[in-house]
1. What residue, of Asn81, Asn105, Asn111, is outside the structural domain of Val152 (by TED's automatic domain parsing) and either more than 18 Å from Asp41 (Cα to Cα) or assigned to a helix (DSSP H, G or I) (or both)?
2. Check whether at least one residue in segment 72-82 is at pLDDT 90 or above, in contact with a helix residue (DSSP H, G or I) (Cβ under 9 Å, 6 or more places away or on another chain) and of a type in the set (A, V, I, L, M), and report yes or no.
3. Of the numbered conditions (1) surrounded by 13 or more Cβ atoms within 10 Å (Cβ to Cβ); (2) of a type in the set (D, E, K, R); (3) within 24 Å of Val43 (Cβ to Cβ); (4) at pLDDT below 65, Asp210 fails exactly one; give the number of that condition.
4. Give the number of residues within segment 88-109 that are without any contact (Cβ under 8 Å) to a residue 40 or more places away in the chain and under 20 Å from the mean Cα position of the chain (by Cα).
5. Please work out which one of (1) surrounded by fewer than 20 Cβ atoms within 10 Å (Cβ to Cβ); (2) modelled with pLDDT of 90 or more; (3) out of contact with any Asp or Glu (no Cβ under 9 Å at 6 or more places or on another chain); (4) assigned to a loop (DSSP other than H, G, I, E, B) is the condition Pro129 fails and give its number.
6. Does at least one position in segment 229-236 carry a residue that is among the hydrophobic types (A, V, I, L, M, F, W, C), in the same structural domain as Val43 (by TED's automatic domain parsing) and modelled with pLDDT of 80 or more?
7. Just need a number here: residues in segment 73-87 that are under 18 Å from the mean Cα position of the chain (by Cα) and surrounded by fewer than 18 Cβ atoms within 10 Å (Cβ to Cβ).
8. Take segment 133-151 and flag every residue that is in a helix (DSSP H, G or I) and hydrophobic (A, V, I, L, M, F, W, C).
Amino acid sequence: MPHKPLVGRLGQSEIGRLPHVAEMTDAQLATALDKAIALIDPVLDLMAERDPLGLKEHTFDEGAHPGRLAKVQHLAAEVLNVTDWPGTAGWSELSTQKRINWWVNRIGAINTIAVSYPGVFGAWAKALPLSSSLGFANQALVLTAVGRELGVTDRNSQIRMLASVLCGRDLPTSAFPDTNAPADSAAAKQRRSVIRSLWDIAQILRKVNDTISKRPMPKRPFSTLAWVPLIGAPTLYVGERMALCRAAKAGQEWVGAHPGTTTDQTA
């Protein structure tokens, strides 16, 4: 005798009590986002501040460069400067909007490759449906960077922004954790790459299953074609890039609507 569907056997009232359909509470969501931002902020700090070879500082030097080593260093610095990497002379000349576009179009674009091709993380990623979680993590990372450029640096304000833009939730003050998750040590910062951090953030945000689908998602036909062999990954990449741009724009609009969350910034 065939089994009846779960809905038919349990009834609506019993289904409502099943743990996997329960919506995450405000406090649980705030805690998950707090832990994610605890990983995101050090990565963004590392990208903006770390300069082990002194190349960023060299981009401000327009004098003569005698010696072969100095010329090689200057050439490498020029290559870095052309990309407008944070901390270079090129970056210092960018407006706030252009800096925001840099995070979306440079770092966001690279991370979207990992979102579209989760196999880069190995066999475990291939066996698990991680694209949605990775997409959520990518948007969280870029959105945090966008917020920082606009002066949103307070952890609770960052949590509020991510919850609103990516989860469609307006968190009350009472939901915020009593203590923010601790940031990584300096040694841990140096060991973690952006892609590795994306994976770690995704692992945290996988717990936000009931809200992941509320983030800006790839529109049709991109989401539909993503299941087609061969063209699925490239199509998903385009869809995720467009969704990331929408998330960044929504983040800017959120900051504009909440001026009390920002600190003074210089363009």
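The values are calculated or read from the model by the stated rules, or taken from the named source; none is laboratory data. These numbers were taken from a predicted model, which means no experiment stands behind them. Cβ placement follows ideal geometry from the backbone for every residue including glycine, while neighbour counts extend to all protein chains displayed.
1. Values: Asn105 fails: outside the structural domain of Val152 (by TED's automatic domain parsing); Asn111 fails: outside the structural domain of Val152 (by TED's automatic domain parsing).
On inspection, the qualifying residue turns out to be Asn81.
2. Going residue by residue through segment 72-82, those that are at pLDDT 90 or above are none.
No: segment 72-82 contains no residue that is at pLDDT 90 or above, in contact with a helix residue (DSSP H, G or I) (Cβ under 9 Å, 6 or more places away or on another chain) and of a type in the set (A, V, I, L, M).
3. With respect to (1) surrounded by 13 or more Cβ atoms within 10 Å (Cβ to Cβ); (2) of a type in the set (D, E, K, R); (3) within 24 Å of Val43 (Cβ to Cβ); (4) at pLDDT below 65, Asp210 is out only on (3).
4. 6
5. Condition not satisfied by Pro129: (2).
6. First, pick out the residues of segment 229-236 that are among the hydrophobic types (A, V, I, L, M, F, W, C): 230-231, 233, 236.
So of that shortlist, the ones also in the same structural domain as Val43 (by TED's automatic domain parsing) come out as 230-231, 233, 236.
From what's left, modelled with pLDDT of 80 or more: none.
Taking every residue of segment 229-236 in turn, none turns out to be among the hydrophobic types (A, V, I, L, M, F, W, C), in the same structural domain as Val43 (by TED's automatic domain parsing) and modelled with pLDDT of 80 or more.
7. Our first condition is that a residue be under 18 Å from the mean Cα position of the chain (by Cα); within segment 73-87, this holds for 85-86.
Then keep just the ones that are surrounded by fewer than 18 Cβ atoms within 10 Å (Cβ to Cβ); that gives none.
Selection size over segment 73-87: 0.
8. To start, the set of residues in segment 133-151 that are in a helix (DSSP H, G or I) comprises 133-149.
Passing the criteria: Leu134, Phe136, Ala137, Ala140, Leu141, Val142, Leu143, Ala145, Val146.
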